[in-house]
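In what follows, a structure is listed as structure tokens, so that the remarks can point back to it.
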Amino acid sequence: MFTRALVLSSFLTLIQVAKTVLADEPICYSGCQAGATTYLFSNCSSTDLSLVDFASCQCGSVPYLGSMALCYANNCKSEAAVAWDYLQQDICGGLAANTEYISTLNNATHYILPGSTIDKTQPIYSTVLFSQEEIEPTFRTINEYNRQIWLANVYGGATNVVVLIYIILGVINNIYHHLGLRAARSRVSKKKSMISRSSQYLRKKFINPALFHNGLHSRQGRLLGVRVTIPTRIESIALAIFLIVNIVILFPNYRLFTDNTYWPDNNPLQLCRYIADRTGIVSFTQLPMVFLFSSKNNVMLYVTGWSYDRFTVAHKWISRTMFFHGLVHSIAYTVYPYLTIGYDGWTLYKLYATDLYFQYGIVATILGAFILAMAMPTFRTRAYEFFLATHIFMVVFFMIGLWYHVEYIPLMAFMPWLYASVAIWSFDRFIRLVRLILLNIKLAKTGYQSCVARVLPEDCILLQVPANRPFLRNIRPGAYVYIYVPSISLWQSHPFTIAKWSEPSSLEASVNETLPVPETDIAKTEGDRASASGSSTSQTFNGPSFDLLIRPQRGLTAKLYRKILDNHKPLELNVIIEGPYGHTAPMDQYDTAVYITGGVGITASYPYLQKAITKSPGRTRHIIFIWIVRTSQALHWVQEDLCKLLKEADSSLAIDVEIYITKESQAEDLPKPLADSIHFGARPNVIKRINEIVTVSPSSVAVLACGPPGLNDEVRCAVSEEGIPYYEESFSW
Ligand SMILES: Cc1cc2nc3c(=O)[nH]c(=O)nc-3n(C[C@H](O)[C@H](O)[C@H](O)COP(=O)(O)OP(=O)(O)OC[C@H]3O[C@@H](n4cnc5c(N)ncnc54)[C@H](O)[C@@H]3O)c2cc1C
């Protein structure tokens, strides 16, 4: 019973210390009050002194107020007025009314006695000059505590600054590209300038390559048997610097001393508390970045020209460092009671854990661990929709946990980081909603976009969508849209690259007319498939439209594929569109633009070709368009449009189309414009081919690749050898 009471009272004292630490109390008041507490000022009896709150007796004591005023004058300088106000209003309330600081100080200076000469058991009727030993430890303790909080914010800010520096470098690089400086420079003289030689070196060694010589980037690697995505070398370097900064900031600048008044004679406890607070604060400072980099409407995407993939890498890694700090914070607070001298650690821990804010902290830590574990490629790629739903769900509860965890800690000012994160998330959702409404609300009476879906050979879906909004009409290579198919799933949305744009000039039919169910000349062997296919991939709508080419996977796309087949003819489909998102690689800044795509990856490269031919090729004089497919059936996805497009090309623009059909040794009925460029039964030797292109090219060459992970990694190897600009679309994040 007695032990329990002792522990409880000790716990209350500890809470009191914590409150002192967290209260918005001027340091000047706290330091001087530490001196005053040891004296029996007139108006106070020894019984009063045993109480925690002396205000009622002290505030009515002229010597007390005088001693405090003197202490303020000697130790506080500019803070004195604020501290006096605090003493009057917050501590004394009405009790010390009409006691002006200056007049109290003037009166006090007539009767000063040094503290060392006073008998502390007797009431005091004069002003006390507190000794430095009485007040200095408290001043030092609070100063150090405040310094730790300030440092934690500075270090957290430093991790943000590292990211900001990366962003600034990205912006500079983007401006450099878009002004076409590099391309222009390399055209001026064949003899390479120092800058172009060093940028080639940087591309060879750092910017283009995968991290390791095994070339794994688009393909996943394995770490301790777990599938992991390996960032590129430049991303890894940036991440390594970021991680090092995150580790290094944990170590410096702790001042531990035995006369610390919060944690006396216990340096390990002080250190533990400082580490706990530092990591907790750093963790919070990274929260807005985590939200910003996962948002689709992240302005950084536009200013840096980096892909959403790259920001997803940043999102993942900052989440990990944030969790790392959160975990250290939790561990430190778990160890904290065990380091408290004179208490049973477990009993004290249990007492701490009765506090709601402590429980919310535990919940947030556990949820953070789950969120990270569930985002591993093993789970994410196997069941993306499940991952997404649980991710959002857990993040909501994680944020609620954090919110209640810090709501009562005003001094550390955690809330602004939470507000910023919620604001970023809300802004993203709001813009997405606005985009959805703008794009869809007027499109059809139903509120949905009406489009036509058909099955193409080699398991592909062609979705033709009317482009009823101006921002969907301009050919913007690299653009992708999210498609919702409410008849299959109300909440799922999937990204697909806009593969082709169609102008109103080449009308074929109207969506209002009966949808064409033409005799197909393709895939005749499969009854269902043939009847759900169109013989033509050309335009279906009266107005401008765009096409998506969709390779069915296991989820929504598989259901859509089945639905079209079951319809036995092209399917009129209501969809909701969100977008467009995505960025255009500055391929038109280079004399030779090389596109290497595999299978449905053609959706990423075709718009560049279409723009170069129908709008403007920019600085490009030569386009090499390499497409690798398994069978000649896949050519039907684009061959009709491709042939038309090639006919339109201006003679000043050289275009080489190279098609590789890997699983066939020959094919019949190939359209003439394509027939000459087809290679059967083999894949290209990418390294050799890129080397040939670079060797014969008169000046700048850039490569864009989009294909299966293996192909992307092979191209990355090749462009690393050459040190030329490289852009990759990977259809995954
Ligand atoms: C920017 C971008 C552009 C793309 N463009 C095309 C394109 O033009 N043509 C094409 O065929 N495919 C494209 N994809 C891939 C396409 O989004 C997925 O194949 C599709 O979402 C799979 O849907 P599912 O339900 O059938 O997938 P599942 O069978 O459940 O999963 C198959 C794979 O797709 C991934 N995936 C599933 N849902 C999503 C999602 N909402 N967002 C991102 N990845 C997801 C999974 O991680 C998994 O690796 C693109 C992907 C991205 C990120």
| When only alpha-carbon atoms count, how far does the stretch 66-117 stretch along each of its three principal axes, as whole angstroms with the largest first? | 31, 22, 19
| Relative to the present Cα-Cα distance, how much length would full extension add between His679 and Phe370 at 0.36 nm per residue of separation? | 106.3 nm
| query | What pairs in Lys296/Lys672; Lys569/Lys663; Lys205/Lys647 have C-alpha atoms more than 32 Å from each other? | reply | Lys296/Lys672; Lys205/Lys647
| request: Excluding residues on the same chain fewer than 8 positions from Lys120, give the aspartates and glutamates whose Cα lies under 17 Å from its Cα. | output: Asp48, Glu133, Glu134
| message | Using a 7 Å offset from the Cα along the Cα-to-Cβ direction at both Thr312 and Leu438, what is the distance between the two label points in nm, to one decimal? | response | 2.4 nm
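Accessible area of the stretch 580-651 with a 1.4 Å probe: how many percent of it is carbon plus sulfur?
46 percent
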| remark: Quick calc, Arg219 & Leu327: beta-carbon distance into FRET formula, R0 35 Å, rounding 0.05, result 0.70
| field | Mean accessible surface per residue for the chain, computed with a 1.4 Å probe while every protein chain stays in place, in Å² | value | 47 Å²
| request: Determine the gain in length on full extension of the stretch Thr109-Ile409; use 0.36 nm per residue of separation and subtract their C-alpha separation, reporting nm with one decimal. | output: 104.1 nm
| remark: Expressed in µm² per second, the diffusion coefficient of the stretch 602-657 from the Stokes-Einstein equation, with Rh the Kirkwood radius over alpha carbon pairs, at 20 °C and 1.002 mPa s, is 181 µm²/s
| field | Student exercise, the stretch 587-729 dipole from Lys, Arg, Asp, Glu Cβ charges, in Debye to nearest 20 | value | 100 debye
| query | Cross-link partners among aspartates and glutamates for Lys559, C-alpha distance below 16 Å, same-chain residues fewer than 8 apart left out? | reply | Glu385, Asp459, Asp528, Glu572
| request: On a 0 to 90° scale, report how tilted helix 602-614 is relative to the longest principal axis of the chain, with both axes built from alpha carbons and the result rounded to the nearest 10. | output: 70 degrees
| message | With only alpha-carbon pairs counted, each pair once and no self-pairs, how large is the Kirkwood hydrodynamic radius of the chain in angstroms? | response | 30.7 Å
| field | At q = 0.21 Å⁻¹, base-10 log of I(q)/I(0) for the stretch 587-729 (Debye sum, equal scatterers on each alpha carbon) | value | -1.41
| Cross-link partners among aspartates and glutamates for Lys316, C-alpha distance below 16 Å, same-chain residues fewer than 8 apart left out? | Glu235
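On full extension of the chain, what length is gained from Leu653 through Gln666, given 0.36 nm per residue of separation minus the C-alpha to C-alpha distance?
Extra length available between Leu653 and Gln666 comes to 1.7 nm.
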| Hz values of 3J(HN,Hα) by residue in the stretch 126-143 - Karplus curve (6.51, -1.76, 1.60), Gly and Pro given as x | 10, 6, 9, 8, 5, 6, 4, 4, 6, 10, 4, x, 5, 4, 5, 4, 5, 4
| request: Taking the Cα centre of the stretch 65-172 as origin, work out the dipole magnitude from +1 charges on Lys and Arg Cβ and -1 charges on Asp and Glu Cβ, in debye rounded to 20. | output: 240 debye
| message | What FRET efficiency comes out for Ser489 versus Lys644 if R0 is 45 angstrom and r is the Cβ-Cβ distance? Round to the nearest 0.05. | response | 0.80
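Measure off, as a whole percent, the carbon and sulfur share of the 1.4 Å-probe accessible area of the stretch 315-419, all protein chains present.
Taking all protein chains in place, the stretch 315-419 shows 77 percent carbon and sulfur surface.
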| query | If you find the alpha carbon centre of the stretch 141-175 and of the stretch 326-370, how far apart are they in angstrom? | reply | 27 Å
| message | From the mean inverse distance of alpha carbon pairs (Kirkwood) and the Cα radius of gyration, derive Rg over Rh for the stretch 557-637. | response | 1.08
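Between Asp259 and Leu179, what FRET efficiency follows from the Cβ-Cβ distance if R0 is 60 Å, with the result rounded to 0.05?
FRET efficiency, Asp259 to Leu179: 0.45.
The values are calculated or read from the model by the stated rules, or taken from the named source; none is laboratory data. Remember, predicted model here, so these are calculated numbers, not experimental data. Glycine gets a Cβ as well: all are built from the backbone with ideal geometry, and neighbour counts include every protein chain shown. The accessibility values were calculated without ligands, DNA or RNA, using every heavy atom of the protein model including side chains. Shrake-Rupley method; radii C 1.70, N 1.55, O 1.52, S 1.80 Å.
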